[in-house]
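Worksheet: the structure to be examined is printed underneath.
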Amino acid sequence: MSYQSIYYFLIANQVTQKAIGTFVDNSATGNSINDFNIIVEKSKEILHSSELNQNKNRRNRLMLQNYNIYYIVTNSNILYLAAVKKNSIYCEKESLIFELIEDIDHQGIKKLVDKNGELTNVGRQNLKFSIKK
């Protein structure tokens, strides 16, 4: 399956409200800078939301005009967020996106960070590989 339906993926520390790493599919056609800005802004709103603490391990969906945003906060306070095109297989079968998130969490990619708490090159490559497969 193509990963082109996942446009944006974020791993963030919910406590510090800081991004650990992101993946953006710049190769997909039809993605506008406006869509990207909306997704990033909504992602920031979600990360800074006080409701995240009460909703640990709860699967969430936010519907935008052209994309759906799926996210979950783990017990270890890691936010996983994915923005997918509305016509993607992930919107038809939402369990797939949460299976991907669980897979990325179990791989421990969030631990492949530098002294600034951001993904190393290996961490970014592992994230990209996981999303592609």
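The values are calculated or read from the model by the stated rules, or taken from the named source; none is laboratory data. Just so it is clear, the structure is predicted and the values come from calculations on it, not from any experiment. Quick reminder, even Gly has a Cβ in these numbers, built from the backbone with ideal geometry, and neighbours come from all protein chains shown. Accessible surface areas use protein heavy atoms only, side chains included; no ligands, DNA or RNA. Shrake-Rupley method; radii C 1.70, N 1.55, O 1.52, S 1.80 Å.
Test of understanding: among VAL122, VAL40, VAL73, which residue is open to solvent by 40 Å² or more (accessible area, probe 1.4 Å) and either farther than 13 Å from ILE6 by Cβ or touching a His at 6+ places or on another chain (Cβ under 6 Å) (or both)?
None of the others qualify; the one that does is VAL122.
Among the residues of region 101-119, which ones are in a helix (DSSP H, G or I) and open to solvent by 20 Å² or more (accessible area, probe 1.4 Å)?
GLU102, ASP103, ASP105, HIS106, GLN107, LYS110, LYS111
Kindly check whether there is at least one residue in region 83-90 that is within 14 Å of LEU10 (Cα to Cα), among the aromatic types (Phe, Trp, Tyr) and not in a loop (DSSP other than H, G, I, E, B).
No: zero hits.
In the set LEU52, LEU64, LEU47, LEU79, which member is farther than 18 Å from SER130 by Cβ, open to solvent by less than 20 Å² (accessible area, probe 1.4 Å), at pLDDT 90 or above and not hydroxyl-bearing (Ser, Thr, Tyr)?
Criteria check complete, one pass: LEU47.
Pick out the one residue from SER5, SER50 that is among the polar types (S, T, N, Q) and out of contact with any Lys or Arg (no Cβ under 7 Å at 6 or more places or on another chain).
After ruling out the rest, the residue left standing is SER50.
Can you tell me which of (1) outside any helix (DSSP H, G or I); (2) touching a residue at least 40 places away in the same chain (Cβ under 8 Å); (3) open to solvent by 30 Å² or more (accessible area, probe 1.4 Å) is the one ARG58 doesn't meet?
Status for ARG58: all satisfied but (2).
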